[in-house]
Amino acid sequence: MSSIIVYCVFSLHDMAYTEIFSLWAESPKSLGGLNYTTDDVGMVLSITGACLLLSQTTFFPIAERIFGPIMIARISGVLSIPLLTTYPYIALLTGFMLTFTLNLASIVKNVLSVSFYMKIDCIDRLPNQ
């Protein structure tokens, strides 16, 4: 039961992040946003998607064999918290540092989220204990 609650909370959090990210990035600087254009947001999301594809086809299978699916979910959940607390400070950056940091944060956040969801598939394959 507790794993279902954790999954529901993490799913709610991930859905909220996915929906709010574009709005935050396109909001004016005066409101705490990044003042990005639709093209800029699309570029961030496409870079994130390409890195996500690479990480899930190369990194996740190796990490799952070494750490196991439960530990990956725990690590993903714990690392997401400090990562998301850095987003208000990302809005203070400008120029190349803003672009680089935003892309990096988006990649890491989405890799952690997908690693959490990939765990569900791995648990289904675990032998009965």
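Just a few scattered comments:
- Based on DSSP H segments of at least four residues, each scored -39500 (n - 2.57), the chain has a per-residue ellipticity at 222 nm of -26500 deg cm²/dmol.
- Here the Karplus relation 6.51 cos²θ - 1.76 cosθ + 1.60, evaluated at θ = phi - 60°, turns the backbone of region 98-113 into coupling constants of 5, 4, 5, 5, 5, 4, 4, 5, 5, 4, 4, 4, 6, 5, 5, 5 Hz, with x for every Gly and Pro.
- Inter-centroid distance (Cα atoms) of region 1-45 relative to region 48-93, Å: 15
- On Cα atoms only, tilt of 38-54 relative to the major axis of the chain in degrees: 20
- Charge dipole of the chain about the Cα centre (unit charges at C-beta), most positive-ward option of Tyr89, Ser3, Leu53: Ser3
- Counted charge near Phe21, where neighbours are those whose Cβ lies closer than 14 Å (Asp, Glu -1; Lys, Arg +1): -3
- Pairwise label distance in nanometres, Ile81 with Leu93, each label 7 Å out on the Cα-Cβ vector: 2.4
- Look at (i) 92, 46, 19; (ii) 55, 30, 21; (iii) 42, 41, 33: the one that is Cα extents along the principal axes in Å derived from this structure is (ii).
FYI, it's all coordinate maths here, none of it is from the lab. Bear in mind the structure is a predicted one, so any value in this text is a computation, not a measurement. Heads up, the Cβs are rebuilt from the backbone with ideal geometry, glycines too, and the neighbour counts pull from every protein chain shown.
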